[in-house]
Amino acid sequence: MNAKSWWRKAVLLEMGLGVGLAMCMLVTAQAGTIPASQEPQVLVILDTSQGMAGNLQGAIMSGSGTVAANADSASPPCYLLNSYTPRSTLGPSSGGSCPAGEAAYTVSVGGVLTDNSESMINVAEQGILSALNNPTYTNIMQAGLMAYATAGTPAPYDTWVYYMSGDTPTTASPGAECTPGAFGYGSTSGSTCAANDPLSVPNPCYKAPKGGDCAPIANIIGSGLTSAPYLYISQSSDDPQINDVLYWSTSYPSGNFVTYDGPHPSNPYPPNGYSLSRYEDQILSGSYLLETYKATAPNIGAFATSPTDAGYIPYSGEVWYARRGLAFDGNPVTNGTSGGQGDLYIPVAPLNAAQIALFNKTMAPEQFVKGGSEIVAGSEYAPTAGALTAALTDLTTSDKAPQPACAPKYVILITNGQPTMGLHGHVYPPLGSAAGQGYGEVLSSGSADNDNAVTEAITAVKKLANYTNGGLNGIKTYVLGVGAGVNCPPSATNCTTEASDSYTVLKDLAVAGKTNVVYSADTAAAFQQAFNSILNNIAAQIVTASGGSSSAVIGNSSYEYVVTSNPSLGEGNMSAYLIKSSGNLASTASWDINAEMTTSNRSSVLYSEGPPTTTPGPITPLTSMDAAAFAIPSGSTLTPSIIEQYTIDPSYDSGNYLGGRQSGWYVGLMTANKPTYMGPPNDPNLLGSTGYDSYAQSESGRTPLVLVGSNDGFLYAVNAVSGSLVWGWMPRPLVQDLQDYSTFWQGPNMAGMRPRVVDAQAGGSSSAWATYIVGGAQQGAIQYALQLTSTGALNSEAWEQDNANSITPTLSVGLSKARFSTPCS
C-alpha cells in the first residue's frame, strides 16, 4: 500500500491555529558494443510516491532517531541490518553509535540530516546503481530515469506514526488499564487488554519527565500511563493494510499528542460517512474528506485529518500521534493526459561516464532539505498512467527522445503498490486496502476493471506495447514490485487482501506490457536479482534479434546469413542456414564463422594498413605491422608481438588477455545490422559504361564473399559457401587501441556504417575497373575504401578519412553511387 501524507489536510479547529501545507540518423557518440539500431534504450520509471519511503514491510521509518523524546519508542535511532548493506556506515545523527549488526536510520552528512534507512527507495536506488555501474550492462544499452511529477518542489516534513484505540468493552487485567474507546497500558509486552487493544507498542510516555506532552495525555488515558512500559492499541499506521504516517511540522506538541471526543462522522465510509464519488473528486474539488476530533491533549484545539494515497483516516475513539522522523511531501499534478504526471529526470542516453554520473547524483540518499539534486519519495499519489503516458512521448516524439529512433525500447516500472491517481486528477483508494475495503473497492473476479487509476495505467501500457513507427515494433514494459505489500503471487499464503490485489494489478500491467511476468522483491538481495534478471532478459533479446540477416542464391542453393552477439561474454558470430524449397530455413546451420576459424589461418589473413602516406597505403599483415602503429607507452610490459598474438587468439597465454571475453572464442561482438553479400560484379547501373561489361564478364567466376564487421576491430570476409575466413582487415587507427585489451572489445570499433560493395573505375582510367568495399568504423569517425583483387583478396587501401590521416580517393565512376548505411538500415 502506498503510504501518503495527510499534512496538507491536517486542520486545527476552534483555536484558529494555521497549518500550511525521423528519421533514424547515425549516432556519433555511441559507446555501446553493438550496433546503435540494436542497442536497447531503457527508461526506468521509479515510483516516488511517499510509500517508497517505507521499509520493505511498509513502515515509514525515514528520519527516525531525530526525536529524542521517542528514542526508545516511536523514533529509534538504529535498526537491525539482516542482510542489508546500508548506504552509510556513519553513526546516528543524534550521536553515539549503533550496536553490532545494526545501522543508523538517519546520519549527518556535511551537517545535513540524510536518510540511511532500509527504505524501498533506497533499496531500489542501490540495486539500479549497482547494475548501471556494471560493464555487463553499461556497454550494451542506453538508460534514463523518470519519476512521478509533483506540482512544485517536495519539502521535508516531520512524520508522526499514529496508534488507534480499541472500542470493545473488556475487563481490566491486573496491572493494566483497559477502558473501552481508550488506550490500555501495562507492564507486559503481550497485551492484557486483548479484546479491546490486542497489540502492544513501546509506550512513548514511559518514564516521561513532568511538564511535557505526557502529563496532559495521562490525564485523559490514566494516571498510571507514565509508569507502564507498554501501550496497548488496536491498530498502528505501520500495519501493512494501512502503511501511513501523519506529515505535520510543528513545534508544539514536541513529541506526542492524543485526539479524542470523536470521531465525526463515526466512520468515513458509506452509508454514514462519505461516498466513493466524493472520495474520487476530493483533489479536484478541494473538498477533502475529514474525520474530526473535538479535543486534543496537550490542548491544541480540535484536529481533523483527510486521506491521500493510503485512503485511510483513523476513526477510533482515541488516536495517539507520536513524532517519528522526516519525509517529503509534494502536491500532485492532476492533468496527466499530456504527460505532465511523469518527470523525466534523466533522458535515455548511452551509459557513458557522464550519464552514469547523472544516475549516481540523482539517486544519492535523500537529504532532508528542500530542492536537493537527488530524487525523493514525495508524491502524494501514484499517477502511474500519467507517468507511462509521459514515457511514450519521451521515448518517441519529444526533443529528448533517444536516438536512433528505430532502436528497441523498454520501460521498467518499479513500484511498491497500485496506481491511485488517474489521468484527470481523480483519486482512488488502493484495491483491497483497509480504505479500499471500506469503500467496497476490492478486486473482482481477477479483474482490475473497477478502478480507473488501474485501468488507465493498463491502457497506457498497451499504447506503449502497440506503438510502431520507423522500424520500432512496440515498447515492452517490465514490472518490478518492491516490498511485502506487493509480493503475493498465487502460490503465496497468509497474504493481506491488499497484497493479493496489488500483485494481480501488477500482473495485469505486465501482461499488457507483453512481458507477462511480475518481478517482485521483499529483500535488497531479491531486488538486485530481479532488476538484473530484467536487464538480462533485455540483453538476451539482443542476442536473439542479433544483427539481422541477409540472403543470397549461390548456384543451385540459397542461404540465409544470420548475425548474432552475446554482449555479456563478448561473443559474436555469423551462421549460414540453407533455405529449403519450402522457403523455411534449415534447423541447423551449415556453418558458423567462429567454428571455421583457427589461430593458424587468422595469423596469415589478418591485415591492417602500413605507415600513412599521401597515396593509397599498403595492405600489411598484422604480424608485420610497424611498431609505431601500436603506440605502446614507455614502461609497458606489452610488446607488438604480444598484442599481435592475443589479437589473433584472444585466449593466448592461458587467457591472460581476454579482458572479460569468452575463452576459446575468436570473433568479437558484431556491429553490422546485416551482413553484406558480395557476389561477382553485376551492377545494372554500370552496364554499358566503358570497359565495365568486359570487367564483369572476366570476374563472373569470382568466389562470393560475405562481409561482416566486429568490434574486435576487424571487417571479416568469409567464403559465402564454406564459411572459411578469406581475410580480416582493421583500420590502422584502431591498432594502437589493441593494448587496452580489457576495454577495446567493448567499444564501437567497427560500428557505424554497414560495408557497401562498389564497382568503380580504378586509378582514374576509363577502362580499368575494380571492386571496392566502402565502409566506416568508430561510428563514422573513420571512413575507408578497400580495393580487391580479381579473386576477392585485399589489394590495397584506396582511401581513408580519419582524424589523423586523409588519403585522396583515386576513384571516379561508380563511387558516387555508394551510400553509407544508417544504423537502422
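Rule-based calculations on the coordinates, nothing more; no lab input. Values in this document were obtained by computation on a predicted structure and should not be read as measured data. All Cβ positions, even for glycine, are placed from backbone atoms using ideal geometry, and neighbour counts span all protein chains on display.
Listing for the model above:
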{"read-out": "Rounded to whole Hz, the Karplus (6.51, -1.76, 1.60) HN-Hα couplings of the range 723-729, x for glycine and proline", "value": "x, 5, 6, 8, 6, x, 10"}
{"read-out": "Neighbour-count order for L344, L472, fewest beta carbons within 10 angstrom listed first", "value": "L472, L344"}
{"read-out": "Under 11 Å, Cβ to Cβ, from Y561 - net charge with Lys/Arg +1 and Asp/Glu -1", "value": "-1"}
{"read-out": "Sequence of D522, D72 once ranked by neighbouring C-beta atoms within 10 Å, starting from the fewest", "value": "D72, D522"}
{"read-out": "Karplus-derived HN-Hα couplings along the range 294-310 (A = 6.51, B = -1.76, C = 1.60, θ = phi - 60°), whole Hz, x at Gly and Pro", "value": "6, 9, 9, 9, x, 6, 10, x, 6, 9, 9, 10, 9, x, 10, 4, 4"}
{"read-out": "Cα Rg, Dmax (largest Cα-Cα span) when computed across the chain, Å", "value": "33.7, 114"}
{"read-out": "Residues of the range 57-78 with amide N under 18 Å of a point placed 7 Å along Cα→Cβ from A492", "value": "57-60"}
{"read-out": "Added length on full extension, which subtracts the Cα-Cα distance from 0.36 nm per residue, S603 to A151", "value": "156.3 nm"}
{"read-out": "Modelled FRET efficiency - R0 45 Å, E102 with K361, Cβ distances, 0.05 increments", "value": "0.95"}
{"read-out": "Between the range 636-665 and the range 335-392, the Cα center-to-center distance that results, in Å", "value": "42 Å"}
{"read-out": "Alpha-carbon gyration tensor eigenvalues x 5, square-rooted, for the range 322-423, Å", "value": "26, 20, 11"}
{"read-out": "Å³ per residue enclosed by the Cα convex hull of the range 567-626", "value": "185 Å³"}
{"read-out": "DSSP beta bridge pairing in the range 157-328, given as percent antiparallel to the nearest 5", "value": "100 percent"}
{"read-out": "Principal axes of the range 157-328: Cα extent on each, largest first, Å", "value": "50, 35, 28"}
{"read-out": "Computed FRET value (nearest 0.05) for S94 with N134, which takes r as the C-beta separation and R₀ as 35 Å", "value": "0.45"}
{"read-out": "Sorted by Cβ neighbour density within 10 Å, fewest at the top, the residues F257, F303", "value": "F257, F303"}
{"read-out": "Stretchable slack from S287 to S557, in nm (0.36 nm times residue separation minus alpha-carbon distance)", "value": "89.6 nm"}
{"read-out": "Estimated dipole of the chain in Debye, rounded to 20 [Cβ of Lys and Arg +1, of Asp and Glu -1, Cα centre]", "value": "880 debye"}
{"read-out": "Rule-of-thumb Rg ratio for the range 402-504 [Cα; 2.2 N^0.38 Å; N residues]", "value": "1.24"}
{"read-out": "Charge tally in the Cβ shell below 10 Å around R661, where Lys, Arg are +1 and Asp, Glu are -1, R661 excluded", "value": "-2"}
{"read-out": "Label-point gap, in nm, between A354 and T623 - each point 7 angstrom along Cα→Cβ", "value": "4.4 nm"}
{"read-out": "FRET efficiency, V109 to S83 (Cβ-Cβ, R0 22 Å, nearest 0.05)", "value": "0.35"}
{"read-out": "Kirkwood Rh and Cα Rg combined as Rg over Rh, evaluated for the range 629-707", "value": "1.25"}
{"read-out": "Residue-count net charge about T620 - beta-carbon cut-off 14 Å; Lys, Arg +1, Asp, Glu -1", "value": "-4"}
{"read-out": "The range 547-817 - Rg (one decimal) and Dmax (whole number), Cα, Å", "value": "18.6, 62"}
{"read-out": "Dipole of the chain, positive end: most advanced residue of L290, A696, T620 [Cβ charges, Cα centre]", "value": "A696"}
{"read-out": "Net length gained if the chain between A793 and S722 were fully extended (0.36 nm per residue, minus Cα distance)", "value": "24.0 nm"}
